[in-house]
Every structure is written in C-alpha cells, then in structure tokens.
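The values are calculated or read from the model by the stated rules, or taken from the named source; none is laboratory data. Being a predicted model, the structure only gives us computed values, none of them experimental. Methodologically, a virtual Cβ is constructed for each residue, glycine included, from the backbone with ideal geometry; neighbour enumeration extends over all protein chains shown.
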Amino acid sequence: MNNNLREKMSYIKGLAEGLGLQKEDTKEAKILTNIIELLDDVVDALEVLENSQAEQDDYLDALDEDLSELQNEIYGEDEDDDETNYVEVTCPHCHETVYFDEQMFEEEDDIICPNCKQPIYEEGEEDSEEEGGE
Ligand SMILES: [Zn+2]
C-alpha cells in the first residue's frame, strides 16, 4: 500500500525535477516545490508508522501465543485428568507390583498395598526424612 505512495511520490518528484521547478523563480513554483517536499515527508512518516505498526502486530502475536500456552498450562490441567501418572511400586510384604496415582502417592502418608492391605512404607523406615517444605 505504502509502496504505491512511494512510487507516486517518486514520479511527482521526477516530474518536478524534469521541469526544473526548483530553479524557476515564480511564486507558483515555490509553492509547488514546498508541497512536494511536504508530501515526501508525509510519505516518510507514514512508512515509519507502518513499520512500527507491523512490529507491534508481531509483538501482539507473540504475546497472544504465550498467553494461550499459559492458559493451557493453567486451565488444561483438569482436562488432562486421564493423563495421571502412575507410580510403580513393589510391595515389600507380598512382593506384588502395584500402581499408585502419583498425586495420592505424594499426599498420603500411608500407602496401603491393595494386594495384602499392609502399608507399603512402614513407620520409622523412611518416614520424615523426605518431608520437604510444602
Ligand atoms: Zn503387598
């Protein structure tokens, strides 16, 4: 769009030069020369504006992308419920390989083996050692 303006501007400037407008010492020539200079400046200013607009558009696009990612991370969690991670544990009592929901594994102190109904980690074994700051 702006390229078109540029072309027209160049054409008019070429015409004025070809006619020797700047060298002519009439009031009309002076006004025309000034108008042409002004138009040239306007086209320059428009180009700068258009470039910064394009930059802002790029920035907004990037921001929008980041936001979508963030939204997926925050709100997507509930939908991903079937993607629960399971922890595989071999029961020390019955030596059966059992699986626990990772979340349950982190939250509960007593993990009961579903096979022999005995706690997987007995008290005192590695009880309070791994309790962090949360
Ligand atoms: Zn067991």
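General remarks:
- Summed over segment 22-64, residues that are surrounded by 12 or more Cβ atoms within 10 Å (Cβ to Cβ) and either of a type in the set (Gly, Ala, Ser) or touching a strand residue (DSSP E or B) at 6+ places or on another chain (Cβ under 8 Å) (or both) total 1.
- Test: Leu19 is loosely packed, with under 13 Cβ neighbours inside 10 Å and either at pLDDT 95 or above or farther than 17 Å from Glu7 by Cα (or both): yes
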